[in-house]
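Notes follow the structure.
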Amino acid sequence: MSTSLTIARPDDWHLHLRDGAMLSAVLPETARHFARAIIMPNLVPPVVTGAQAAAYRERILAAMPDGSSFEPLMTCYLTEDTDAADIAAAHASGLIKAVKLYPAGATTNSASGVANFDNVRDVLEKMAEIGLPLCVHGEVTDAEIDIFDREAVFIDRVLDPIRRATPGLRVVMEHITTKDGADYVLANDHDLGATITVQHLILDRNDMLVGGMRPHYYCLPILKRGHHREALLAAATSGDTRFFLGTDSAPHPTHAKESECCSAGCFTAPNALAILAQTFEKAGALDKLEGFISRHGPAFYGLPVNADTITLTKSDTATIFPAKIDAGEHTVTVFDPGFPVYWDVT
Ligand code: NCD
Ligand code: ZN
Ligand code: ZN
């Protein structure tokens, strides 16, 4: 017996495509299912200016699979040297849809991020004025703050002060991982949204650490306690339009994950939608899936919902996903949720 669900084609509001051979390898995995994605700018060196975002967009379009109409939605990486006028021009031309804030040192390729928030005040004010959203990696980097507390402390010490000081600034809390994050969104207005990843909806820190350490479950912000996962699932399945999918699919070569110092990131592009369909079904919330993956994101970003559709189908036999994909001389290991998945995009 099969069950199927036809919904507006989804978008991914937080995606890493990288560059070069990795870009060519991973782009088809997203373009197959998603119409659009917010493309993260944490390349080495980062995508800081409008000109760099335009050049990166051209490289993505050149790597596109034949016949694909996937649309990369570009972002610029906020640094203390970012020029507000350059950002405003990139927004006015339609090139960029958001600016990305990485606290310096918080995550993969974030060394050029912001250390002193006073130095980006003019850019944030310009963004509030023109309605350009700020996407935030919300973790403090202070050595004395425990890694499991870094999101909650960021909200109190950095995010809330920035939002109070910049009325009208639209903010997306990227990849929220805690009940604190979900509660902060709920306690605020519709200028504040949040993306949630697949892994944070289905896994907690025990899944990563009990019985052996699983490097392919290591991402930042790190998986938290089970009650945080439950709060995220409740938010995602609530139908509240402030929560939407950002997979944070973040490919790293297999050797960099299975290493003495594992890189942070889960590569979920190939099976994100199948896992989500199963997760929402299990939560009794299949009717809320389309909002979370296809409708709330466009509403936040002021873009139309995609006109075409996809069909998700559940069958009696588990779907087989590739264990790895080839990326130039390396492979990338596909995220394994740790349970059989019966859904697929058909
Ligand atoms: C991301 C990456 O690999 O670029 N890694 C991750 O663990 N999420 C960076 C990020 O989104 O923080
Ligand atoms: Zn991040
Ligand atoms: Zn990311």
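Taking square-rooted eigenvalues a ≥ b ≥ c of the alpha carbon gyration tensor, is segment 201-255 rounded, prolate or oblate, where a/c under 1.5 means rounded and, failing that, a/b exceeding b/c means prolate?
Since a/c reaches 1.5 but b/c is at least a/b, the shape of segment 201-255 is classed as oblate.
Computed with the Debye formula from one identical point scatterer per Cα of segment 12-141, without solvent, the log10 of I(q)/I(0) at q = 0.15 Å⁻¹ comes to -0.67. Per-residue ellipticity at 222 nm, computed for the chain from helices alone with -39500 (n - 2.57) per DSSP H run of at least four residues, works out to -8000 deg cm²/dmol. Restricting attention to segment 3-345, lysine pairs at least eight places apart or on different chains and with alpha-carbon atoms under 27 angstrom apart total 18.
With R₀ fixed at 22 Å, the C-beta to C-beta distance from THR309 to LEU61 puts the FRET efficiency at about 0.35. Comparing PHE267, LEU209, GLY246 along the charge dipole axis of segment 187-298, the residue lying farthest to the positive side is LEU209, per the Cβ-charge model. The Cα atoms of segment 3-345 give a gyration tensor whose axes a ≥ b ≥ c have a/c under 1.5, which makes the shape rounded. Per 5 Å bin from zero, what fraction in whole % of the C-alpha pairs of segment 190-346 is there, up to the bin with the longest pair? In order of increasing distance, the bins hold 2, 9, 17, 20, 20, 16, 10, 5, 1, 0 percent. Only bridges with both residues in segment 3-345 count here: give the DSSP antiparallel percent, nearest 5. The answer is about 35 percent antiparallel. Comparing ILE145, ILE222, ILE176 in a Gaussian network model of the chain where C-alpha atoms under 10 Å apart are linked, the largest mean-square fluctuation is found at ILE145. Projecting the Cα atoms of GLY193, GLY181, LEU223 onto the charge dipole of segment 176-246 (Cβ charges, centred on the Cα centre) puts LEU223 farthest toward the positive pole.
Remark: relative contact order (the chain) = 20 percent; criterion is Cα-Cα distance under 8 angstrom and separation of 6 or more residues.
Residues in segment 258-270 carry Karplus couplings, in order, of 8, 9, 4, 10, 5, 6, 8, x, 10, 9, 10, 3, x Hz; the curve used is 6.51 cos²θ - 1.76 cosθ + 1.60 with θ = phi - 60°, and Gly or Pro positions show x. Taken about its Cα centre, segment 116-206 carries a charge dipole of about 240 debye when Lys and Arg each add +1 at the Cβ and Asp and Glu each add -1 at the Cβ. With springs only between Cα atoms under 10 Å apart, run a GNM on the chain and tell me which of LEU17, LEU220, LEU312 wobbles the most. Its mean-square fluctuation being the largest, the pick is LEU312. Tell me whether segment 65-108 comes out rounded, prolate or oblate; compute the Cα gyration tensor, take square roots of the eigenvalues as a ≥ b ≥ c, and use a/c under 1.5 as the rounded threshold. Cα axes put segment 65-108 in the oblate bin. This model, with +1 at the C-beta of Lys and Arg and -1 at the C-beta of Asp and Glu, gives the chain a dipole about its Cα centre of some 520 debye.
Taking THR197, THR254, THR79 as the candidate residues, the one with maximal mean-square fluctuation in a Gaussian network model of the chain, Cα springs under 10 Å, is THR254.
Each reported figure results from applying straightforward, stated rules to the coordinates on display, with no laboratory input. Because the structure is predicted, anything quoted here is derived from the model rather than measured. Don't worry about glycine lacking a Cβ; one is built from the backbone with ideal geometry, like all the others, and counts go over all protein chains shown.
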